[in-house]
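So the structure is just underneath, and the comments pick up after that.
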Amino acid sequence: MHALATPSSSLSQSGTRRRLMGRLWLSVGLWAGLSLLSSSEAFAAPAEARCSALVASGNPQYPPYLWRDPADENRLIGANADLMQLLAQELGIAIELRYVGPWGRVQEEAKAGRIDLIAGAFWTQARTEYMDYFIPAFHQTRSVIWVDAKSQLSYSRWSDLVGQQGVTVINNSFGEAFDRYAKQSLKISRVASLEQAIQMLQRGRADYLIYEDSPGQAFLAKLDISNVKMLAPAVANEALHLTLSHKSPCNTGDLRGRIARALHKLGGASLLPELLEKNIQRWRQQNQAAK
């Protein structure tokens, strides 16, 4: 036979249960609070504590802005690379300029977050979906039309290119406005490299080439080509920006602010002409030594 519980014993058991549950909830609350504190401390930690180095890349066929180092082909050199080293000094964070493949591959690597920075990109709406742009831009560039020296192509406006066969490098942009016009109205083939595009122009497989002026001149000099000329006016004048991948583990508000302030302090737009002149000479000397 079971003994009947007295009111006092029932109250005692109920009180014990309440005390045990209270201790349990206190423990859970303390654990949750400590977890939140730990997370907030980690989130608030300085960017350099969570990001000790940055990996940057860019268009490797872009002298005097960027090109592969003949002494180490996994590394990029040029005016943009020099600017990144000055930026690294301002930030106190190492920036490695790494060759990851052709320009199209560079953009894919940034989209996936496998590189942090692109050292030189034009603004397009599509690219803002996977990377942040820093202002101010560090340089203004001119994209131009290149033709065979014997070409009779008369060019003064975009519509003069209608019906002609153009060529450029894959995944190149020449600004949002021209890209939209080209997609709607022009015939432009896209190939893997600038050298291939120049060869197509020389062999008559394209009527014109679209590329930027300084890199175009640099490659023509390297290939010792004198029968290709540049036409005026420019197709587009576009700003060259530093960008940061959305998926970069280093992409925090703190670091974005520090990069923007450092770029402003460096005055990239006024600094780059000096770096460009230095790297034009570097490119020439390198190619003379290779001959």
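Assuming a viscosity of 1.567 mPa s and a temperature of 4 °C, what translational diffusion coefficient in µm² per second does Stokes-Einstein assign to segment 145-193, Rh being the Kirkwood radius over Cα pairs?
D = 110 µm²/s.
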query: By per-residue mean of other Cβ atoms within 10 Å, what is the highest-first order of 208-220, 121-133?
result: 208-220, 121-133
- prompt: Given a Förster radius of 22 Å and the C-beta distance between ASN171 and ALA234 as r, what FRET efficiency does 1/(1 + (r/R0)^6) yield to the nearest 0.05?
  reply: 0.60
field: 5 Å binning of all Cα-Cα separations within segment 205-276, expressed as whole percents from 0 upward
entry: 3, 10, 15, 16, 14, 13, 11, 9, 6, 2, 0
task: Please report the base-10 log of the normalised intensity I(q)/I(0) for segment 142-237, using a Debye sum with one equal scatterer per alpha carbon and no solvent, at each q in 0.13, 0.18, 0.20, 0.23 (1/Å).
output: -0.37, -0.75, -0.95, -1.32
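Under a Cβ-Cβ cut-off of 15 Å, what is the net charge of the residues other than GLN165 that fall near it, where Lys and Arg count +1 and Asp and Glu count -1?
That sum, taken over residues with Cβ under 15 Å, equals +1.
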field: Label-to-label distance, nm, for residues given as LYS278 and ARG114 (7 Å Cα→Cβ offset)
entry: 3.1 nm
message: As an exercise, find the ratio Rg/Rh for segment 116-180 from alpha-carbon atoms, using the Kirkwood inverse-distance average for Rh.
response: 1.03
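Coordinate-derived values only; no laboratory data. Bear in mind that the values here come from a model prediction, so they are computed numbers and not experimental data. Using ideal geometry, Cβ is built from the backbone for each residue, glycine included, and neighbour counts are taken over all protein chains shown.
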